[in-house]
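Report on one structure; see the data block that follows.
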Amino acid sequence: MCRSFRDDPVADDVLDRVLAAAFRGPAAGNTWGLDLLVLRDRETRAYWGVTLPDPEGFAWPGLLRAPVLVIPVVDPGAYVARYGEDDKATSGLGAGEHAWSVPYWWVDGGAAVMGILLAAEDEGLGALFFGQFEHEGAVSARFAIPDGRRSLGTVALGWPSDAGRAPSRSAVKGRPDPGDFTHQGHW
């Protein structure tokens, strides 16, 4: 993950390829309940004004230079509606969000974010996915995200600065050994 960016713009063709990767993953029931809100220039400044009104002392000031912010937004209602259609009605998932033991809008949205992150890496861009947490409502209001839609977080995109790939404090934990979490045939 990249936490420090140059302020050089990302060319439209590069950004288009990165964003297209979000739509190459799974979509339960072929629902496609995902939208991408893409912010550039003054919109990125407005985003930071909502989520970080006082950047003094912010641990990652180079993050604020990211020329593109992408907000993946899922529509749980689209999944409920799709699973209420004749070919999916027997699943019972059309009854409402409560009927979903696994809310696939989060699953499909997470796959879309991963597509963006991998495509950004392929293009040589830096990328960082981070949560909006308590700012989700304010971000939704500021950018007119329709009611009922949910933001997964935000993806910062841009050309990494020399310090862009410096590890976060949590990176000292390292990556797990997959063998510790992979169970073959039984737990």
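Exposure here means at most 13 other Cβ atoms within 10 Å; with trypsin sites (Lys or Arg not before Pro) in a DSSP loop as sites, the longest stretch of the chain lacking them is 25-164.
Taking the inverse of the mean 1/r over every pair of distinct Cα atoms in the stretch 77-136 gives a Kirkwood hydrodynamic radius of 13.8 Å.
May I ask you to compute the full-extension gain from D54 to D147, defined as 0.36 nm times their residue separation minus their alpha-carbon distance, rounded to one decimal in nm?
30.7 nm
Projected label points at H135 and V107, each 7 Å from Cα along the beta carbon direction, are separated by 3.1 nanometres. For the Cα trace of the stretch 42-187, dividing Rg by the Kirkwood Rh returns an Rg/Rh value of 1.04.
For the stretch 39-142, what relative contact order do you get, as a whole percent, if you take Cα pairs closer than 8 Å and at least 6 residues apart? Let's see the in-between values first.
Values: 66 pairs, mean separation 27.5, N = 104.
After rounding, I find 26 percent.
In this rough spin-label picture, where each label sits 7 Å from Cα along the Cβ direction, the K173-D122 distance is 2.9 nm. Qualifying GluC sites (Glu not before Pro) in the stretch 33-134, where qualification requires a DSSP coil assignment and no more than 15 other C-beta atoms within 10 Å, comprise E56, E85. Our estimate of slack between H183 and E43, defined as 0.36 nm per intervening residue step minus the Cα-Cα distance, is 45.9 nm.
Throughout, read-outs are computed from the coordinates displayed, never taken from laboratory work. No experiment lies behind these values; they were computed from the predicted model shown. Neighbour counts are summed over all protein chains in view; Cβ atoms, including those assigned to glycine, are modelled from backbone coordinates with ideal geometry.
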